[in-house]
Amino acid sequence: MTSIVGIDVSKAKMDVLWLKDRESGKVKSKVFPNDRAGHMALVAWLDKHIAQPREDIQVVMEATGVYHEALAYWLFEQGLKVSVVNPAYVRDFARSLGSVHKTDKKDSVVLALYGVRACPGLWQPEPQSIRELKALLARLEALETDLQRELNRQEKAQISQASTIVLESLGKMIVELQRERDRVDQEIDDHIDRHPDLKNDVALLKSIPGVGRVVSRLMLSVIRSRDFKAASECAAFVGVIPALRESGILRGRSFLSKKGSPKVRAKLYMAAIVAGQYNPTIKAQQDRLIRNGKTRMQALGAAMRKLVHLCFGVLKHQTAYSPQAA
């Protein structure tokens, strides 16, 4: 039987709990620093106390920003099974247990119990090329955010007739941010060009009307980052599957689940608007849904979901978009 270990990971430490006996609820716990020395000590502690091969030990942790990543890679390299689960699912599970108090030790208990009862899938490390692509895309987005903030400040400064020194400072920062944004943007294209598989995937994604340069790179980083078995899994990961509202004045109406990255959904939203005009598959779907009484926002949500399915399909089958095949 696989031994289940729950780890609550934060920036500074890891609260580890081994579910020693599932029947009696007996546990063994320890706290380690969240650094390489702590990671090594954790594996040594598991080897000492769990009399099973490493491949029979499953570690369950939440996806906590970037704090869990180094640990997940280290444990995988050491031969342990790793599950990285969505915090929203763990929260719902904790509520079902009646757990309302927030403590690190309690979190590690909940994670261990979640591993036993939910049997989460095993985590696989991303290909190095995809890790680099995601890091570049994140950096580009940060630069674009900073640039927009400086542009907003410049506009306010001009309206309020700020001093020449302030306006010159803002102008210099905007020029530098634009230059660095363009450089990183080119680095992303160069990175894709250096990897024939990524270059081919981007070409396939861009064959879908409504999926341009920005969305193709983004969806490539999403779809290739995990071993999705079906398009529906990818759509659920992004948060564009319908969720039915069970209470309130809008009871019975479906909305997007929004479990996943809001930044990905924001890009898909704009792509869906374009696809509704130029993609025959999306346009036909939207027209049919509106005729059947759906709102335009519901039809747009369905278009976002359909775009994810189309993106997944062209990559899975390595075939360019075709309205008939879609």
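Structure above, values below:
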item	result
Number of positions in the range 103-153 that are within 27 Å of A266 (Cα to Cα) and hydroxyl-bearing (S, T, Y)	2
Cβ-Cβ under 7 Å pairs, at least 6 apart or on other chains, the range 199-220 side free of Cβ contacts under 8 Å to residues at least 40 places away in the same chain, far side small (G, A, S)	V202/S216; K206/G212; K206/S216
Odd one out for L147, checked against (1) closer than 30 Å to D8 by Cα; (2) touching a Leu at 6+ places or on another chain (Cβ under 7 Å)	(1)
Set L250, L218: member being under 18 Å from S129 (Cα atoms) and either modelled with pLDDT of 85 or more or not basic (K, R) (or both)	L218
Options A271, A266, A299, A325; residue that is out of contact with any Cys (no Cβ under 6 Å at 6 or more places or on another chain), modelled with pLDDT under 95, crowded, with 17+ Cβ neighbours inside 10 Å and at negative phi	A299
Count of residues meeting criterion [free of Cβ contacts under 8 Å to residues at least 12 places away in the same chain and assigned to a loop (DSSP other than H, G, I, E, B)] in the range 29-52	2
Single match in D193, D227, D189, D185 (criterion: among the acidic types (D, E) and not in a helix (DSSP H, G or I))	D227
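The values are calculated or read from the model by the stated rules, or taken from the named source; none is laboratory data. This is a predicted model, so every value here is computed, not measured. Virtual Cβ from ideal backbone geometry, glycine too; neighbours counted across all protein chains shown.
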